[in-house]
Amino acid sequence: MKAEIIAIGTEILLGQIVNTNAQYMAEELADLGVDVYFQGVVGDNRARITEALQIASERSDLVVCCGGLGPTEDDLTKDVIAEFTQSKLVIEKQAEEKILELFKEGSDSLITANKRQANTIEGSQLLKNEVGLAVGFVHKYQNTYYAVLPGPPREMKVMFEQEFKPLIDNILGQRKKLYSKYLKFGNIGESTVEDMLKELIIKQDNVSIAPYAGIGEITIRLSVKADSFEQAETYFEQTAQPIRELLGDYLYSEENESLEQALSQHKIADFGVYEINTNAYLSNRILSTDAPHENLLVSTTKVEKQSITEALATSQIVEFIERNKLKNGIGLFHCQISQASVTPSGRPKKRFFIALCVNNKVSVIERTFIGDMQAVQIRVAKTALFLLLKAL
């Protein structure tokens, strides 16, 4: 089944809200074995919504419309789909009762406006809204399914999970589903990864290989359609093994997790972070709620006006470890700007010393990074995390 997602709302076009719904639905539909080939955004305009539906109907088996189900006159989604599919809108009685109860003390105009949210196409399959007022539906017209879901993410996700997903699963029946596996790499650049994997990517067959670059880490997503999870795992292993052979030195996880999250899986006793002349990115990330590290006892950041040398970095991390009675830690030391050099193209090069302490054994390496300071601070922190994970 080929699907298309259409987000409806002028506020999305104006950039006032981010269209996170499309990301969520695309991922969920992929898990169902539905191929999402197109996504679009259209404002609250009858003619343009109709045009979007016309285009979608010619190339997709399933058109998922999200948003535009509210009580105001510019909430046009249901009206336009009913007109486009030559169908009749009717009131869903339970939804109407819910609205009447909620607005029983309100004016007639307020009640009339909100009753629009109980509209559904006659003969369609209802999608109940357990957390809001606007019901959705799935309606088939000329071999295309048209689905309507509310725009607020909380309402949409509950309706998608509880109502829409089981319905589509039943419509599709027995079929292959899409499975994904993630390989995570650090301390290596995107271009190097792609160059080392180019032969595998060219020859990829039923398992697709897709590298994604983040600042300081690389994700390779393997995807395959299979009859079962077990069958998918067999396919994945056939593809993952040659990737491990090529890039094993840089692999830190086979779960979809960040370096910080991978580190949090280690029960490291007496662990601290010490930073000089940085923006404390590393300390903040290790202490963040999405990558908690309960064993991080000490985190210190300060600015040093003196020049940072390898000897100074070594003595500083050793003193930090001893003073705080630690056994493990990371030290990041950014050399002062006066020590920086530039590339032939004029881009500044920033020097760092990365200190690692594992079971009271200290090592210090010097690394140079190119780019703006914000990105460099992230890359050096990610590099330090990767090196610590490997040392552990």
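Among the trypsin sites (Lys or Arg not before Pro) found in segment 15-95, those both in a DSSP coil and sparsely packed, with 16 or fewer other Cβ atoms within 10 Å of their Cβ, are Arg59, Lys88. Sorted ascending by nearby beta carbons within 10 Å, beginning with the fewest, His266, His139 become His266, His139. Computed from Cα positions, the angle between helix 373-391 and the longest principal axis of the chain comes to roughly 70 degrees. Placing unit charges on each Cβ (+1 for Lys and Arg, -1 for Asp and Glu) gives the chain a dipole about its Cα centre, and among Val34, Asn284, Pro71 the Cα reaching farthest toward its positive end belongs to Asn284. Put simply, when 173-186, 379-392 are sorted by average Cβ atoms within 10 angstrom per residue, most first, you get 379-392, 173-186.
Using a Förster distance of 35 angstrom, determine the FRET efficiency expected from the C-beta separation of Glu83 and Gln162, and round it to 0.05. Walk me through the numbers on the way to the answer.
Numbers: r = 29 Å, r/R0 = 0.82.
Plugging the Cβ-Cβ distance into 1/(1 + (r/R0)^6) gives 0.75.
For segment 2-172, the Cβ-based charge dipole about the Cα centre amounts to some 180 debye (Lys, Arg positive; Asp, Glu negative; other atoms uncharged). At the listed q of 0.15, 0.19 Å⁻¹, the Debye profile of segment 177-256, built from one uniform point per Cα, gives log10 I(q)/I(0) equal to -0.48, -0.76.
A simple spin-label model places the labels of Asn359 and Asn206 4.4 nm from each other, with each point 7 Å out along Cα-to-Cβ. Mind checking the angle between helix 93-102 and the chain's longest principal axis? C-alpha axes, 0 to 90 degrees, to the nearest 10. On a 0 to 90 degree scale, this one is about 70. Taken along the Cα-to-beta-carbon direction at a fixed 7 Å, the label points for Tyr182 and Gln374 span 2.3 nm. Between the residues Ile99, Pro166, Leu53, the greatest Cα displacement towards the positive end of the dipole of segment 2-172, with unit charges on the Cβ of Lys, Arg, Asp and Glu, is found for Leu53.
Annotation: amide H-H contacts under 5 Å for Val36 (H modelled 1.01 Å from N, sequence separation of 5 or more, or interchain): Ala3.
Among Ala226, Ile202, Val18, whose Cα lies farthest out toward the positive end of the dipole of the chain, if unit charges sit on the beta carbon of Lys, Arg (+1) and Asp, Glu (-1)? Of the listed residues, the answer is Ile202. Taking the C-alpha atoms only, the angle from helix 20-31 to the longest principal axis of the chain is near 90 degrees.
Would you calculate a helix-derived [θ] at 222 nm for the chain, using -39,500 (n - 2.57) for each DSSP H run of n ≥ 4 and dividing by the full residue count, to the nearest 500? Could the numbers behind the result be given before it?
Working: 14 runs with 147 residues, N = 392.
The per-residue figure over the chain is -11000 deg cm²/dmol.
One decimal place: the segment His266-Glu105 gains 52.2 nm when fully extended, by the rule 0.36 nm per residue minus the C-alpha distance.
Out of every Cα pair in segment 1-145, what percent are spaced more than 22 Å from each other? Provide the component values of the computation, followed by the final result.
Working: 4268 of 10440 pairs.
The proportion of pairs with Cα distances above 22 Å equals 41 percent.
Determine Rg/Rh for the chain; Rg is computed over alpha-carbon atoms and Rh is the Kirkwood hydrodynamic estimate from the same atoms. Can you show the working numbers first?
Working: Rg = 27.3 Å, Rh = 24.9 Å.
Checking Rg against Rh, the ratio lands at 1.10.
Of all DSSP beta bridges confined to the chain, the antiparallel ones make up roughly 60%.
The spacing between segment 308-325 and segment 135-157, judged by their C-alpha centroids, is 60 Å. Loop-located GluC sites (Glu not before Pro) in segment 77-177 (DSSP state not H, G, I, E or B) with no more than 13 neighbouring Cβ atoms inside 10 Å: Glu105, Glu122, Glu130.
With a Förster radius of 41 Å applied to the beta-carbon distance between Arg59 and Glu233, the computed FRET efficiency rounds to 0.80.
Once amide H atoms are built 1.01 Å from N in the peptide plane, which residues 5 or more positions from Glu275, or in another chain, come under 5 Å H to H? Answer set, sorted by chain and number: Thr300, Thr301, Lys302, Leu332.
Taking the fewest neighbouring Cβ atoms within 10 Å as the starting point, the ordered list for Cys335, Cys66 is Cys335, Cys66.
Charged side chains reduced to their Cβ positions (Lys and Arg at +1, Asp and Glu at -1) give segment 177-256 a dipole of some 220 debye around its Cα centre. Summarising the amide proton neighbourhood of Tyr145: residues at separation of 5 or more, or on other chains, whose placed amide H is nearer than 5 Å comprise Leu62, Val63. Using a Gaussian network model of the chain whose springs link C-alpha atoms within less than 10 Å, name the residue from Ile321, Ile202, Ile243 with the highest mean-square fluctuation. Evaluated over the chain, the most mobile residue of the options is Ile202.
Over all pairs of different C-alpha atoms in segment 98-163, the reciprocal of the mean inverse distance, the Kirkwood hydrodynamic radius, equals 12.8 Å.
For the chain, the Cβ-based charge dipole about the Cα centre amounts to some 1160 debye (Lys, Arg positive; Asp, Glu negative; other atoms uncharged). The modelled label-to-label distance between Lys390 and Glu319, using points 7 Å beyond Cα along the C-beta direction, is 3.0 nm.
No lab work stands behind these numbers, since they all come straight from the coordinates. Bear in mind the structure is a predicted one, so any value in this text is a computation, not a measurement. No Cβ is skipped: glycine too gets one built from the backbone with ideal geometry, and neighbour counts run over all protein chains shown.
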